[in-house]
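See below for the structure under consideration.
No value in this document is a laboratory result; all are computed from the given coordinates. As the structure is a computational prediction, the values presented were derived from the model and not from experiment. Here the Cβ positions follow ideal geometry from the backbone for every residue, glycine too, while neighbour counts run over all protein chains shown.
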Amino acid sequence: MFDKPTLVRQDATPERRTHSLLRHPVFALMGLRPILGQHTDAEDAALREWATGRSRLVEIGVAEGASAVTLRGAMSPEGSLWLIDPFHLSRVQRLNAMKRLAHRAVNAINNGRVVWINKFSFEAVKAWVDQIDFLFLDGDHSETEVQRDWDDWHQYVIPGGVVAFHDAAIFQGGWPQPNWGPVRVVDRLFRSRTLSGWRIVHEVDSLVVVQRS
Ligand SMILES: C[S@@+](CC[C@H](N)C(=O)[O-])C[C@H]1O[C@@H](n2cnc3c(N)ncnc32)[C@H](O)[C@@H]1O
């Protein structure tokens, strides 16, 4: 019935309002709404643009899989996409509607290879050895944890590779606040000073993309 995620950060059309009222993932499992993405159309387009043709992509924070669907659709057919999320927020772990939704949505895209890592990012990194050319940080949004994700993961990003931070910029009519974790970390790393070897290459709505030179 539905083939496109609803991006709840967009202006509220009647259809989007209805989908937001049915927020619990179980409604999507029942087919009453599509999966909900937590980013805007413009952010979605930027994710697609930077993921296009990439071959070693990592997403931290998958939720219902809306951004993962975009990344899988855009990546190289020979590439791999690692999806890291413990899906710990479900009260009924045996049902775990969010995890099921994410798997269903991402598995419906026929492109590249997907590896699911059902762990927190700080656990997953302990066994990590691979190079990365696209990293999306959208997991725990506390300042400490965004900084920890950066510290743990950015070393694996190859020259020319990118890291995208979500909810990391304040924009007109937008939702992020100056004290939000991703905003503070991006300000500290890339705005108050220039971190050697990295620069901001794209900003749209709350999304900030930095590239390794
Ligand atoms: C904002 S949502 C992700 C939204 C998704 N990227 C999208 O655009 O549709 C945050 C997700 O991060 C997950 N999460 C929280 N802490 C995490 C961590 N340390 N590592 C990986 N995932 C985490 C939560 O379970 C939740 O599903």
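Remarks
- Shown in residue order for region 96-111 are the 3J(HN,Hα) couplings computed by the Karplus curve 6.51 cos²θ - 1.76 cosθ + 1.60 at θ = phi - 60°: 5, 4, 5, 5, 4, 4, 4, 4, 4, 5, 6, 5, 6, 8, 9, 7 Hz (x for Gly and Pro).
- Projecting the Cα positions of ASN111, ALA12, TRP150 onto the charge dipole of the chain (unit charges on Cβ atoms of Lys, Arg, Asp and Glu, taken about the Cα centre) puts ASN111 furthest along the positive direction.
- Note on region 25-115: dipole from Cβ charges, positive end direction compared against GLY79, LEU29, ALA51; the farthest Cα belongs to LEU29.
- Put in order of Cβ neighbour count within 10 Å, fewest first, the listed residues ILE117, ILE158 become ILE158, ILE117.
- Note: relative contact order over the chain, using C-alpha pairs below 8 Å and six or more positions apart, is 17 percent.
- Cα centre as origin, Lys/Arg/Asp/Glu Cβ charges: the chain dipole, Debye: 440 debye
- Convex hull volume per residue for region 1-61, taking Cα atoms only, in Å³: 106 Å³
- Restricting the trypsin sites (Lys or Arg not before Pro) of region 1-91 to loop positions (DSSP other than H, G, I, E, B) with no more than 14 neighbouring Cβ atoms within 10 Å leaves ARG23, ARG91.
- Under 5 Å from the amide H of HIS39 lie the amide H atoms of VAL8, ARG9, each residue being 5 or more positions distant or on a separate chain, with H modelled from the backbone and absent for Pro and chain starts.
- Per-residue [θ]222 nm for the chain (sum of -39500 (n - 2.57) over DSSP H runs n ≥ 4, rounded to 500): -8000 deg cm²/dmol
- For ARG56, the amide hydrogen comes within under 5 Å of the amide hydrogens of SER80, ASP133, PHE134, counting only partners 5 or more places away or on other chains and with H modelled in the peptide plane.
- Cβ-based net charge around LEU137, under 9 Å, with every Lys or Arg adding one and every Asp or Glu removing one: -3
- Maximal additional length on extending the ARG23-VAL115 stretch stands at 30.5 nm, based on 0.36 nm per residue less the C-alpha distance.
- Burial ordering of GLU145, GLU64, GLU59, fewest other beta-carbon atoms within 10 Å first: GLU145, GLU64, GLU59
- Calculation over all alpha carbon pairs of region 39-212 in 5 angstrom steps from 0 returns a P(r) of 1, 9, 18, 22, 22, 16, 8, 3, 1, 0 percent.
- Under 15 Å from LYS119, Cα to Cα: aspartates and glutamates that are on another chain or at least 8 residues apart: GLU59, ASP85, ASP138, ASP140, GLU145, ASP149, ASP152
- Fewest-first sequence of HIS166, HIS103 by Cβ atoms within 10 Å of each Cβ: HIS103, HIS166
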